[in-house]
Amino acid sequence: MVFSILYKNHSRSDSRAFHTEYGIRNTEYSPRARRARGVTLIDTLVASALMLVVFVGIAGVFKLSVDVITNNKARAGAIALANERMEDIRSLSYALVGTVGGIPSGSIAQSDTVVQNAITYTRRTTVMYGDDPYDGLGAADTKPASAPTSLDYKIARVDVAWESRTGTRHLTFVTRIEPTNGIETPCPVTAPCGTLAISVYNASTEPISNASVRIVNSGTSPIVDTTIYTNSLGEMALGGVPAASGYEVTVTKSGYSTDRTYNPTSQNTNPTPGPFTVSSNQTTSGTFRIDLLSSLTVNTYSLSTNSWTDFFSDESKINWQTTTNIAVSGNQARFAGNQPWLLPADLYSQTITPVALTRWGTFSWNDTRPSETTITYQVYYTDGAVTAPIPDNILTGNIAGFSTESTTSVDLSAIPADEYPSLILEAYLVAQNPNAPSPSIQDWSLTYDSGQGIAIPFTLRGAKTIGSGPSGTVYKYSQLHTTNSSGTFSLPAIEWDTYTMSVAASTGYDISTSCPTQPIALEPNSSTTTLLYLSPHTTNSLLVDVKNGTGAYLSGATVEIKKGSATQDKTADACGQAFFGGLTNGQYTVTVTEDGYVTSTTPSVDVTNYSTVSVIMESI
């Protein structure tokens with residue numbers, strides 16, 4: 001207690017002396033103590049980090065150990081199943097080694113599923129004839145006269161697959177079975193045979209490995225139904241195939257399109273390719289093409305002229321972030337406040353971004369401009385980062401502005417809708433006489449052509465053909481689809497091809513714009529969305545699409561059609577197209593003009609029913 005009282009009555013400096021005098025260690029002021037506290041904290045952090053690293057490592061090792069044990073257990077089961085099948089094969093005489101529906105034929109199942117130790121295995125067995133290079137390959141084989149085919153031996157392949165944490169795993173055993181006394185086994189005289197060779201490539205003529213080639217022939221005895229997989233060169237050759245016609249081939253691979261042979265039907269009397277015919281001691285070859293699947297979405301819209309209008313009944317359609325010195329009252333926009341009007345006023349509309357826009361229309365206004373006041377109008381665009389007036393080379397006179405003295409409307413159809421999908425209206429009010437009555441705007445509006453989603457049936461047809469019949473060419477893909485109530489239809493897995501879409505006249509509509517322009521080239525492993533804009537059907541119509549030499553749309557080009565002395569002209573829309581409905585059938589001249597391009601004239605365009613023409617413009 002005495003120590004406590006003495007300690008409390010000393011100053012900080014005296015306290016140090018007190019501790020020295022009485023031999024008491026002052027830990028508060030010890031530099032070593034301060035260091036000890038700091039080091040202890042760092043040590044704690046370092047130790048925690050090391051422990052974390054150690055435990056993470058232990059967890060990783062534990063997980064790896066579990067995976068290794070699990071995979072070893074599964075692999076042991078796969079080895080047992082493969083050995084079991086190999087023992088079955090070894091127990092058979094040479095002539096009986098084969099698979100059900102295979103070539104050679106036998107009693108062994110081509111594929112079976114086995115559940116063992118709660119693991120599901122797929123066991124696939126393939127038996128094929130082998131051609132030994134020792135005595136020559138194919139036609140160069142120095143085979144004895146008693147064995148006129150290159151059936152030197154048999155190759156048995158057993159593949160066992162199962163699912164693991166890291167995906168599908170495989171274990172494969174391969175063995176070679178020699179004929180008795182090493183003598184080649186000929187095809188029976190009553191059942192001559194040949195070789196069927198298949199090559200599989202992608203759209204770029206690159207080989208596709210591990211493609212499934214299924215070969216079926218229900219006319220042979222026994223029936224052939226076997227599946228062989230292509231090698232790294234995209235090839236497979238099957239020897240000992242019974243000489244016969246009617247071999248159907250189907251080539252597939254997961255995530256890829258399908259290619260196959262086709263049997264004759266009443267609609268496809270001349271299929272291409274048709275079933276293969278294998279001849280005795282001959283090699284029959286076929287080439288197929290498959291590639292990664294793509295996706296295609298089609299949106300259908302009923303096209304109409306719509307408008308954005310502000311009657312200034314409220315302030316909801318004004319961009320107040322850029323508008324200055326403006327007041328809205330009494331269904332008009334005018335100077336804010338009271339006279340004198342010492343500062344000009346600037347009025348900006350909200351950003352106008354129509355859905356499914358194809359073409360801009362007309363900007364018009366109604367205003368009151370007392371003497372000694374002016375109102376000029378401009379059209380702005382915005383891309384999110386920049387907001388600026390439409391340049392004069394796109395909209396002549398826009399930089400200087402348009403005034404009531406000369407007009408009350410401006411045609412905006414020359415503004416390319418694809419480059420300028422959003423517009424802003426602007427008005428600049430000035431009072432030369434500050435005491436003059438305020439100029440005012442009663443309303444302004446902007447028209448445009450845009451679409452509304454509509455459910456409608458359409459035909460989607462590819463360019464690839466599979467034969468011909470009584471009705472003409474038979475296409476590999478030709479289907480009738482219908483968009484939903486929102487005007488959308490999607491095909492998430494469709495083969496690469498060049499596709500054309502059409503709408504029957506019975507729907508009451510014609511395609512007046514297609515974005516992109518038809519036909520549509522769908523590349524492998526790609527995704528494309530096509531917009532179809534529909535206008536009311538007329539008996540005769542013409543759709544003109546305009547592109548430059550690189551294939552880019554020329555939105556804003558002027559398209560004129562002429563028949564006799566009658567002419568019509570339109571501005572190409574966002575997709576570089578102009579649609580003319582309600583025409584009389586006959587020959588028309590189509591003339592297209594655009595700044596920076598040579599004028600193009602296409603004479604004698606035949607318009608009968610729904611017609612189309614493409615124009616390619618050359619740069620000056």
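Each value in this text was obtained by applying a stated rule to the coordinates, not by laboratory testing. In this text the structure is predicted, and so the values were computed from the model without any measurement. Here the Cβ is made from the backbone with ideal geometry for all residues, glycine too, and neighbour counts use every protein chain on show.
A few remarks follow.
- Across the stretch 538-620, C-alpha contacts under 8 Å between residues 6 or more apart give a mean separation that, scaled by the residue count, equals a relative contact order of 39 percent.
- The chain, relative contact order in percent, only Cα pairs under 8 angstrom and at least six apart counted: 10 percent
- Cut-off 15 Å (backbone N to label point 7 Å along Cα→Cβ of ASP392), residues of the stretch 400-423: 400-403
- With a Förster radius of 60 Å applied to the beta-carbon distance between SER204 and ASP314, the computed FRET efficiency rounds to 0.50.
- Between MET86 and ASN231, the contour length at 0.36 nm per residue exceeds the alpha carbon distance by 49.9 nm.
- Anisotropy class of the stretch 538-620 from Cα gyration tensor, a/c 1.5 cut: prolate
- Remark: the stretch 195-205, residue by residue, has Karplus-estimated 3J(HN,Hα) of 10, 10, 10, 10, 10, 10, 10, 9, 5, 9, 6 Hz, where x stands for each Gly or Pro and the curve is 6.51 cos²θ - 1.76 cosθ + 1.60 at θ = phi - 60°.
- Mean ellipticity per residue at 222 nm, deg cm²/dmol - from DSSP H runs of n ≥ 4 across the chain, formula -39500 (n - 2.57): -4500 deg cm²/dmol
- Hz values of 3J(HN,Hα) by residue in the stretch 238-249 - Karplus curve (6.51, -1.76, 1.60), Gly and Pro given as x: 10, x, x, 6, x, 5, 5, 9, x, 7, 8, 10
- Burial order of peptide ranges 525-537, 291-303, 382-394 (average beta-carbon count within 10 Å, highest first): 291-303, 525-537, 382-394
- Spin-label model, THR277/ALA521: points 7 Å from Cα along the beta carbon direction are separated by 3.8 nm.
- For LYS73, the aspartates and glutamates whose Cα falls under 16 Å of its own Cα, not counting residues fewer than eight places away in the same chain, are GLU163.
- Sorted fewest first by neighbouring Cβ atoms within 10 angstrom, LEU343, LEU543 come out as LEU343, LEU543.
- Tensor-based shape of the chain (alpha-carbon gyration tensor, a/c under 1.5 rounded, otherwise prolate or oblate): oblate
- Cβ-derived FRET efficiency at R0 56 Å, THR258 paired with ALA385, nearest 0.05: 0.75
- Residue-span extension gain [ILE155 to ARG169] - 0.36 nm each, minus C-alpha spacing: 2.8 nm
- Sequence-distant residues sharing a close amide H with MET617 (under 5 Å, placed H): LYS547, ASN548, GLY549
- Point-to-point label distance, ALA118-GLU372, nm (Cα→Cβ direction, 7 Å offset): 9.6 nm
- Filter on LYS464/LYS563; LYS154/LYS476; LYS154/LYS253; LYS476/LYS547; LYS476/LYS570 - keep pairs with C-alpha separation over 32 Å: LYS464/LYS563; LYS154/LYS476; LYS476/LYS570
- In a fully extended conformation the segment linking SER502 and THR408 would gain 29.7 nm over its present Cα-Cα distance, using 0.36 nm per residue.
- The peptide list 357-366, 266-275, put in order of mean Cβ contacts within 10 Å with the highest first, becomes 357-366, 266-275.
- Placing a label point 7 Å from the Cα of THR353 along the Cα-to-Cβ direction, no residue of the stretch 528-563 has a backbone N closer than 19 Å.
- Distance between the stretch 231-306 and the stretch 75-113 - C-alpha centres, whole angstrom: 29 Å
- Simple spin-label estimate for ASP443 and THR593 in nanometres, 7 Å along Cα-Cβ: 3.5 nm
- Sorted peptide list for 118-125, 246-253, criterion being average Cβ within 10 angstrom, highest first: 246-253, 118-125
- Shape call, the stretch 92-289: gyration tensor on alpha carbons, a/c limit 1.5: oblate
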